[in-house]
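Heads up, the thing below is written out as structure tokens.
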Amino acid sequence: MPELHAVTKQRERSSLALLAEIRDVMSTAEDVQVRLNQLVALIAGRMDSEVCSIYLLQPGRILELFATAGLKQSAIHSTRLAIGQGLVGEIAASAKPLNLADAQNHPKFVYREETGEESFQSFVGVPILSHHQAIGVLVVQSESAKIYSEEQLEVLQTVAMVLSELAVGQHLVDRFALAEDKTETSHSKALGGLKISPGLAKAEAVLHRPEIEITQLVSDDPDAEEKRLVEAIDALREHVDELIETSEMGSEGAHADILETYRMFTYDRGWLNKIMLAIQSGLTAEAAVKKVLEELRVRMEKISNPHIRQRIEDLEDISTRLLYHLSGVDPSSAHSELPDSFVLIARALGPAELLEYGHCRIKGLVLEKGSSASHIAIIAKMMDIPVVAGISGATDIISKGDTVIVDGDHGEVFVRPTDDIDQEINEHLMLRAKQSAAYEAMRDLPPETRDGVRVSLNLNIGIHLDGQQVSANDVDGIGLFRTELPYLTSPIFPDVDSQKRVYKEIYDKAGGKPIIFRTFDVGGDKEVPYIQMPHEENPAMGWRATRIAIDRPLLLKRQFRALLEAAEKKPLRIMFPMIATVGEFDAVKALFDTEMEVLAKQGMPLPQEVRLGVMLEIPSLIFELDAILKRVDFISIGSNDLMQFMFAADRGNEQVASRYDPVRPSILRLLRQITAQCDAAGVELSFCGDMATRPLEAMALLVCGVRHLSLPPASIGPVKAMIRSLDLEQATKYIDSLCETMDRSIRQNLKEFAQDHQVAV
């Protein structure tokens, strides 16, 4: 062991010596080309190699040879490679190192006669990274066939970090000029992105965090830098703990799982070891964190798996916060003086950071990165903040103080809007405010039609805090509680106790009103890290929800145990999703009965009563409806999946999602048939899904006999206004006549009816 320690220290000294020499070259007043020539000669000598070359990215996404020691000098500024072309282009495209003993036999090798590199066998190259993109490539070559060691590769990556600062600082590359979007930033812009959280907001822009400028890259004392890093990590952990403990959103529920997972990243050994290794190679603590951060950002660009991507996004956020602690400055704009209302602009954002801004003044959020399944999307929806993500270059295009409009309903962002757009949005905001006031004024009035038909309005929720809305007088209960959120936000399968806490909180918030718990609907587009999901061409119709539960019964039995224990001496209603046949219902009911028997044998308190139901969302179950009605206590039609299956049109595919309309006579006749069968069997029927949230379509549902609607909280007011302005008997006669005579969508007819009879749709 002493010999190994001595070797390690010798490598550290060698790396430090190289970086010290590089720093001396960079600090001279020599012309930049002279300095580059000196650097490649120095690196080649220290790496015991015949060649060192630097390629830098130029407009047109071309890699140009800027300096070389060992290749022909006439090739400088003449040899140029496209991204992806040759070994150098491959490194830039993948942003990953290449380490080859026989470079010329690699399939990506491209021979350039003007360089004279045919005599060199071994090749090692690393990307030069800046602002999460490869801006160049550093290459070392040797005549002998050899693989460079991991330590040498780490030294090269450290050197590349230093070269990056030189290249950007001396304007040898211009990352803004190289960007695909060269939009002039002084004019009005309309930007399209991803719909992450719904709503409409208008306010001045606040940039989330300014760029940290690192003035010292190379360290003279690695031990002192390690000590500084440890102290900064301790401060970071304390800060994150304080954020979580003082959160306005409570200490339990799905959001708490998200934040606890976030807290765990500050203890990630792999991440910390990489930073320590960079410090040992000769970088300052700040430069080491930035090096690892750049590598994380590049990795994130290449990853499509949402769960791995979410982990890297959280680690990126933690890295940036650590950089701020090391620099001794506030980690975000949340700690500076902010306007009374603002739209936050960020490249990416962690859940704890959003909480720092609180509920009051932040009106909207614009992100360069993000997805509808990300942690930030979940938290933003809980805070009722409209969010649009996927706005490339947002932090460059939008400046502090710009007027920004965030349309989360349509995935649009307007920057420095023109007068006509500004006026139109102001009118929309005024109308929304007036409508909200009108809905609030009728809150204590019953959801009853003009001719006296009472409609039951229930909440459709998936985040525990929304349960506070259930106390409203016009809400009868929770018609759908989507239990999968804890499954989606946890890196491991939630145990019985963690699930039980969530369900007990819902019972407490419901205040005795009925709750329907839908068993977990994971799979499809909702992957979880602890279930190995197969690749599926059509995941919506694949292995998901109850199909997973039947094949992995332990998962469902744990959920049943948590629900049974949480419902101690209270009514328990459970609904099974994605039931295609009566046999599938029988299978999951048998699992439930077994778990209930085990609980009874253990002498545990049982629920006051148990009612079981199914989601009607797969068309095959319609043909077994008589049989299933003999087995269930209630049915809920899930329109989202049912409609896409009925029309064979993926609702997430923009090319086909608009190719069908649920208010066709054929669909309305089918819904009337289902309600008639349920009424005859004495089984309660409810309706949830997007169709129920839109007043016009909800009117058609009432005509079809539906009397129980499950809606998100924001839809209660608009749908209730429609109900109270509707004469149902009159609407029924009209729509029945249309269904008998028409064979196409009656949407326009419904609009005209509503307009003629003052129905609020």
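Any read-out appearing in this document is the output of simple, stated calculations on the displayed coordinates, not a laboratory observation. Worth saying up front: this structure is predicted, and the values here are computed from it rather than measured. All Cβ positions, even for glycine, are placed from backbone atoms using ideal geometry, and neighbour counts span all protein chains on display.
Computed over all pairs of different Cα atoms, the Kirkwood value for the hydrodynamic radius of the stretch 444-756 is 20.3 Å. Measuring against 23 Å, Cα to Cα, the residue pairs LYS189/LYS369; LYS227/LYS274; LYS513/LYS569; LYS569/LYS601; LYS290/LYS400; LYS369/LYS500 contain LYS290/LYS400; LYS369/LYS500 as the ones spanning a longer distance.
Over all Cα atoms in the stretch 2-178, the spread is summed up by Rg and Dmax: 15.5, 53 Å.
Can you pull out the trypsin sites (Lys or Arg not before Pro) in the stretch 539-624 that DSSP calls coil and that have at most 13 other Cβ atoms within 10 Å? Hits after loop and neighbour filter: LYS569. The stretch 664-721 and the stretch 18-73 have Cα centres lying 70 Å from one another.
Within the stretch 31-139, the chymotrypsin sites (Phe, Trp or Tyr not before Pro) that combine a DSSP coil assignment with at most 13 other C-beta atoms in a 10 angstrom radius are TYR111.
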